Protein chains: 2
Amino acid sequence: MKLGTVRSGEQSRAFRQDGSGRTFYYDLEDVGSLLNIPDWERLPSREGEPPAPADLLAPVARPGKTICVGLNYFDHAAEVGKAAPEVPALFSKVSTALTGPRNDIRLPGLSMEVDWEAELAVVIGKRTTRADEAQAREAVAGYTIINDLSIRDWQRRTSEWFQGKNFDHSTPVGPVIVSPDEIDPESGLRVETLVNDQIEQSGTTSDLIFSVTELVRYISQVLTLEPGDIIATGTPGGVGFVQKPPCFLQTGDVLRTRIEGIGELCNTIQIGNDQSDGPARNSSKQLEMSALRRTARKESRQ
Amino acid sequence: MKLGTVRSGEQSRAFRQDGSGRTFYYDLEDVGSLLNIPDWERLPSREGEPPAPADLLAPVARPGKTICVGLNYFDHAAEVGKAAPEVPALFSKVSTALTGPRNDIRLPGLSMEVDWEAELAVVIGKRTTRADEAQAREAVAGYTIINDLSIRDWQRRTSEWFQGKNFDHSTPVGPVIVSPDEIDPESGLRVETLVNDQIEQSGTTSDLIFSVTELVRYISQVLTLEPGDIIATGTPGGVGFVQKPPCFLQTGDVLRTRIEGIGELCNTIQIGNDQSDGPARNSSKQLEMSALRRTARKESRQ
């Protein structure tokens, strides 16, 4: 089963898709509202055409919380020069940081260190406190994709990563939530970032240091997870800032984030392109410069 | 003007109190809902008796975000052995971490390092992005009190403080929000923590490294502040873990958090007292031990 939220005129609507692709729509504005209704499976719905991929929105419009896990793949911990943590390293994103699976990511011209982090995200379906392993499994409504876009210079400004991870609408989520009966992260789902169709990250969820079940169990010792909450499980190796020379996203770059069995996010980067930041930076001259820099970097690695 | 939320049977209600103490009630469940209505000042309200202090709840039931500032007083930065930061150090609390101004704080028996952090909190009244100084001033609906209760051993588990700051219902907020025409943090408001009526922290908001206006301006460069959002501005010197020997809260301790011109939070600590954590720890024997430990500590400091 897949759950999603689709644009519908000026509004939005939650839908469910069964294994054969039949789509059923609910009179609810997003999957967050759906999951917060006990026994939502019994709600009336009406069958309709499958949604157009371009109309898909972030499945949960405003999660009560989005908890992110740092350093949860050995190769990523190694590439950033950190030891793998003994317990999950947690931080959070506020809901204003999230955006849809196809939206442009518009950032103010305050930084040039815009980096990618493809991640499997868990969506909670059930209020859960101090879960044991079985309860942790039951808490999961399904899986979706996040790119935990990171503004590295802001992330490094203080010991706390929060400010580099919470720029407005910088974190794409979606395109749908896939239920645990369809995919199993422990069996290994390919997680990839592509920038302008070049693969930058390619890992597998079977390499997670703390599994989904362990993360839900651990986090629920501290706090109560609620329907619609999201846990971003961490990123595999291949981020931009550790490359030599470091590689960051530029205006015009197309960022694709893929997870096997879920789908793809596709977002174009726009940096410093709004009125308050002076002249637009996505001129053809700049796109050309960006392409040249990228090619030069790739050649220097070969 | 003061704004607050009061228990009303099984429900709750937002109210406004004018300078003469006249109280007006709204058909809204909390101040968060009130502030999210444009021109809420024009909403109908009806006058009633002032609320009983024991019936006051956290003014904003579920803030869209609660952003906390670390190390924002020189004496606190010094006592924890850190340099005063060049930019605000930010982290966040999820809404499940908050509790009312008089609620017991019930923590699972996972830690003995439960510490206090009295803080002035700013409540946002207006959607604000990339504010200049004047816009930052206009963004503030008023001020309230937070105790950013910190589970030190969990805070130190990883580089990110999040998990030590987000235990369920561990952060009391309230009792009311006082508008900026009544109090001015820059003129110096006394901020205090008392444990069992003994003063542990006593600072003044005129010593904030980054003022309220600077914090709103800085944070709004990163993200959009929305009505009902909270910024906890940091704590003055006098936290428990740096004392010699370290001093932590115990079951039965009464934690008072006071700010001049706003009022007081009063919360009793309960650690590991629920069924899932084994036998209750708040036995009279333990309260006695706690009192003995506290007295011994105070004597050793004199």
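Read-outs throughout are calculated quantities, based only on the coordinates presented, and are distinct from any laboratory measurement. Remember, it's a predicted structure, so these values are computed and weren't measured experimentally. Don't worry about glycine lacking a Cβ; one is built from the backbone with ideal geometry, like all the others, and counts go over all protein chains shown.
Structural remarks
- DSSP bridge analysis restricted to segment A:60-301 gives an antiparallel fraction near 85%, rounded to the nearest 5.
- Angle between chain B longest axis and helix B:212-222 axis [Cα atoms, degrees, rounded to 10]: 80
- Choice from A:60, A:242, A:140 with maximal GNM fluctuation in chain A (Cα, 10 Å cutoff): A:242
- Relative contact order computed over segment A:22-104 (Cα-Cα under 8 Å; 6+ residues apart), in percent: 30
- About the centre of its Cα atoms, chain A shows a dipole size close to 660 debye [charges on the beta carbon of Lys, Arg (+1) and Asp, Glu (-1) only; nearest 20 debye].
- Label-to-label distance, residue B:186 versus residue B:49, with points set 7 angstrom from Cα along the beta-carbon direction: 4.2 nm.
- For residue A:19, the point set 7 Å out from Cα toward Cβ sits 7.1 nm from its twins in the other copies, listed from shortest up.
- Segment A:1-49: GluC sites (Glu not before Pro) in DSSP coil with no more than 10 other Cβ atoms inside 10 Å: A:10
- Gaussian network model of chain A, Cα within-10 Å springs - most flexible of A:70, A:109, A:238: A:109
- With the convex hull constructed from alpha-carbon coordinates only, the protein assembly as shown shows a mean projected area of 29.0 nm² over all directions.
- By definition, a body whose alpha carbon gyration tensor gives a ≥ b ≥ c is oblate when a/c is 1.5 or more and a/b is not larger than b/c, and segment A:1-57 fits this oblate description.
- Compared with the dominant Cα axis of chain A, that is its longest principal axis, helix A:284-301 is turned about 90°.
- Report summary: the helix-based calculation at 222 nm, which adds -39500 (n - 2.57) for every DSSP H run with n ≥ 4 and divides by the residues of the protein assembly as shown, gives -4500 deg cm²/dmol.
- When you restrict to C-alpha pairs under 8 Å that are six or more residues apart and normalise by the size of chain A, the relative contact order lands at 22 percent.
- Gaussian network model of chain A, springs between alpha carbon atoms under 10 Å - residue of A:253, A:55, A:197 with greatest fluctuation: A:197
- When Rg and the Kirkwood Rh are both derived from Cα coordinates, the Rg/Rh ratio for segment B:123-197 amounts to 1.05.
- Debye intensity ratio I(q)/I(0), log10, chain B, q values 0.10, 0.16 Å⁻¹ (C-alpha model): -0.53, -1.32
- Here segment B:1-56 is assigned +1 on the Cβ of each Lys and Arg and -1 on the Cβ of each Asp and Glu. Its dipole about the Cα centre then comes out at about 140 debye.
- Rounded to the nearest 20 debye, dipole of the protein assembly as shown from Cβ charges on Lys, Arg, Asp, Glu: 620
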